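Structure first, commentary second.
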Amino acid sequence: TRDAVLACIGAEPGAEKIVRAAARYAGRLDAPWHVVHVETPALGRGGDARRQQVLRVLKLAQDMGAQTESLADADPAAAVERYARRHNLGKVVVGRGTGSLDRLARWREPFAARLARRAPDLDVIQVSRNAGAAERALPQASTAPQQPKGPRIAWRGYGISLLASTAAALAAWLLRPYFDLANIVMVFLLAVVFTAWRVGRGPAVLAAFVNVAIFDFLFVPPHLSLAVSDVQYLLTFAVMLVVALVVGQLTAGLTQQARIATEREDRVRALYEMSRDLSGALLGEQIAEIAARFVEAEFDASAALLPADESDRLLETGDAARVDGLDRSIAQWAYDHGEPAGAGTGTLPAAPVLYLPLKAPMRLRGVLALRTRVPAALMSPEQRRLLDTCASLIAIALERIHYVDVAQRTTVQMESEQLRNSLLSAISHDLRTPLASLVALADTMALEQSAQPTLHQQLRDKALRLAALVENLLDMARLQSGAVRLNRQWLPVEEVVGSARAAVAEALAGHVVAAELPDDLPLVQVDATLLERVLANLLENAAKYTPAGSRIAVAARALPDAVELRVEDDGPGLPAGREEAIFNKFERGEKESATPGVGLGLAICRAIVEAHGGRITAHNRDSGGASFVFTLPRGTPPSIEAEPPAATIAP
């Protein structure tokens, strides 16, 4: 969005004020905001103190919700313009005055003016850099562990500078008999270039001055004296010093740029290798091993991957032993809140371990816990961004294997379902013929007035029960395979209820059935045979599971967009917690029951109701008994045109 805000900071004390102003401005616009620091060769001369100052301000911006970036370019205005266009940022907040971005403001155009000239479509907003005393003295605690190391490295560089100057002097003394002084000067310039390349700017400046002094002392008459007999040598010294300083600074700047480019290339290579390895991982253990190896190599830290289960609890894994001081309560907090916690964060910063939630596109997948051997290693925005990218890759890999597992289970379930439907269909067809023969034989025995009148009746009941079971199996197989086509017709609800009651009249003989059907019920467009089957199954179920003489009610009412039908009884009701499960195939209210049935009737009811675009549910009544409720969508029945009046015959 063009309303997004970009803040540009340097190493000056007012950088924090620029960040806070950008945050307020972005908050008023309700827009995202970024904070960048451009690291130029000139700014690299400030040493570790200036860099730590920038890192603290970038950390502050990150804690306030900004996306931070450290850029490297010789032209800050060009770098900021490219970044703003790449991220579609339309408003740029910069400091007003002679900050680090305007270090040469006396001799060149100010940074804000250069940026406005390069990108006239960007809104450049200038903020005063004047900072209070508290802001000028930001905490230095984070750099304390590095202070002993900095001077040792600096003295070593200056020592190398003096050795290079001594070597150049020795080489020049040996070459003196064979070359003119103009050529001897090149040896000293070479020493300055070598020093700038190996140890940086400060030692290179020292080498430039020392080399001029050695050249004057050893090679310019009078020898072994710093006095100059010919004034022309003063110009030589000046040119030699200027050239040495410029060449040394350029060499050091190019070396720094090359180092930054190499570091970025290493980060990209590491991410590529990690993503390549994660793409081939099929198990959570493999992902944990890859993550630990990457963190160890890139951050010099020990890491543990704590995945989460379906109930959002972090699992106990053996990886936790890799990280000393790991606190599972902090890890669970980071997971529950979706925010980093521990070392280097705003939550429990004194903890030795950093906890990063693994945010995948669909949900959180766990927590990455790591403990660095150098606490300041993660202060760099580049390193923190690399770590965040690493966490994202791990989360996506965990989500990928989760859905691979879900897809495999679904495939197995579908294949099992298809096989079961095929088996049900085959068994049903094979059983229908002998069952029809059994029913016919029972009817024949009844006609012949058997000596045992109850024998043929029992045979007939069993055969009819098996026939109903086979019919249910066949219907379930057809509904699951999609072979059933609805023959929709506009029918009154009363007619369908009456047909269902007649179909199961024998089962309802010992019960009191009451129908509560208002006169104003609209017509419904349904398949009469299938809807009759739904009501018949519900009524037969109510008769099976309630004692003789109990009441069964069939009721209906019109809703704004549907017609609701209800079958209620006064029986023992449904088992608690199984109100939804009883609609699954081969599920019954009681696992072990003397009541005949295999658990297909309600599954068929749900399949038929859902095929009509409705929904069926079950629950226990407050007064006792079970209630089954299903809805059918309402429509607009066709209008019936009135018959024309009969013609009259004139007398």
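The values are calculated or read from the model by the stated rules, or taken from the named source; none is laboratory data. Computed from a predicted model, the values in this text were never measured in an experiment. A quick note on method: Cβ atoms are made from the backbone with ideal geometry, for glycine too, and the neighbour counts reach across all protein chains shown.
Quick notes
- Only listed residue being surrounded by 15 or more Cβ atoms within 10 Å (Cβ to Cβ), in contact (Cβ under 8 Å) with a residue 40 or more places away in the chain and outside the structural domain of LYS585 (by TED's automatic domain parsing), chosen from GLY325, GLY342, GLY346, GLY366: GLY366
- Within region 253-269, residues that are among the small types (Gly, Ala, Ser) have Cβ atoms under 7 Å from residues that are surrounded by 14 or more Cβ atoms within 10 Å (Cβ to Cβ) in these pairs: GLY253/PRO41, counting only partners at least 6 apart in sequence or on another chain.
- When PRO352 is tested against (1) within 11 Å of ALA369 (Cβ to Cβ); (2) buried (at least 18 other Cβ atoms within 10 Å of the Cβ); (3) free of Cβ contacts under 8 Å to residues at least 60 places away in the same chain, just one condition goes unmet, and that condition is (2).
- Residues in region 320-359 that are farther than 20 Å from GLU289 by Cα and of a type in the set (Asp, Glu) were compared, and the one that is farthest from the chain's Cα centre (by Cα) is ASP327.
- In this structure, GLU568 does not qualify as of a type in the set (Asp, Glu) and either surrounded by fewer than 18 Cβ atoms within 10 Å (Cβ to Cβ) or modelled with pLDDT under 90 (or both).
- Looking across region 88-102, the residues that are of a type outside the set (Gly, Ala, Ser), surrounded by 22 or more Cβ atoms within 10 Å (Cβ to Cβ) and either at pLDDT 55 or above or over 9 Å from GLY10 (Cα atoms) (or both) come down to LEU89, VAL92, VAL93, VAL94, ASP102.
- Positions within region 547-569 being within 49 Å of the chain's Cα centre (by Cα) and among the β-branched types (Val, Ile, Thr), in sequence order: VAL563, VAL567
- Residues satisfying the stated conditions in region 528-557, i.e. more than 19 Å from PHE628 (Cα to Cα), of a type outside the set (Ser, Thr, Tyr) and assigned to a helix (DSSP H, G or I): ALA528
Condition check ((1) at pLDDT below 90; (2) within 24 Å of GLY614 (Cβ to Cβ); (3) not assigned by TED's automatic domain parsing to the domain that holds VAL609) across all residues:
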| site | (1), (2), (3) |
| --- | --- |
| GLN457 | yes, no, yes |
| ARG460 | yes, no, yes |
| LEU479 | yes, yes, yes |
| GLY482 | yes, yes, yes |
| SER499 | no, yes, no |
| VAL504 | yes, yes, no |
| GLY510 | yes, no, no |
| ASP519 | yes, yes, no |
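- Residues of region 531-546 classified as of a type in the set (S, T, N, Q) and over 47 Å from the mean Cα position of the chain (by Cα), total: 2
- Residues that are in contact (Cβ under 8 Å) with a residue 60 or more places away in the chain, on the phi > 0 side of the Ramachandran plot, of a type outside the set (A, V, I, L, M, F, W, C) and exposed (fewer than 15 other Cβ atoms within 10 Å of the Cβ) occur in region 280-303; there is at least one.
- For region 504-527, the set of residues classified as touching a Lys or Arg at 6+ places or on another chain (Cβ under 9 Å) and either under 24 Å from ALA603 (Cβ atoms) or assigned to a strand (DSSP E or B) (or both) consists of ALA507, LEU508, HIS511, VAL512, VAL513, ALA514, ALA515, GLU516, VAL524, GLN525, VAL526, ASP527, listed by residue number.
- Of all residues making up region 239-274, the number that are surrounded by fewer than 18 Cβ atoms within 10 Å (Cβ to Cβ), modelled with pLDDT of 85 or more and in contact with a helix residue (DSSP H, G or I) (Cβ under 9 Å, 6 or more places away or on another chain): 4
- Residues considered: PRO139, PRO145, PRO151, PRO120. Of these, the only one that is within 24 Å of ALA21 (Cβ to Cβ) and at pLDDT below 85 is PRO139.
- When region 337-350 is filtered for residues that are touching a helix residue (DSSP H, G or I) at 6+ places or on another chain (Cβ under 7 Å), in a loop (DSSP other than H, G, I, E, B) and modelled with pLDDT of 90 or more, only PRO340 remains.
- The residue pairs whose first member lies in region 564-586 and is farther than 12 Å from ALA542 by Cβ, whose second member is aromatic (Phe, Trp, Tyr), and whose beta carbons are closer than 7 Å, counting only pairs six or more residues apart or on different chains, are LEU565/PHE630.
- Residue list for region 299-336, filter: over 18 Å from ALA391 (Cα atoms), among the polar types (S, T, N, Q) and assigned to a helix (DSSP H, G or I): SER329
- So THR317, is it surrounded by 14 or more Cβ atoms within 10 Å (Cβ to Cβ), modelled with pLDDT under 90 and under 21 Å from SER380 (Cβ atoms): no
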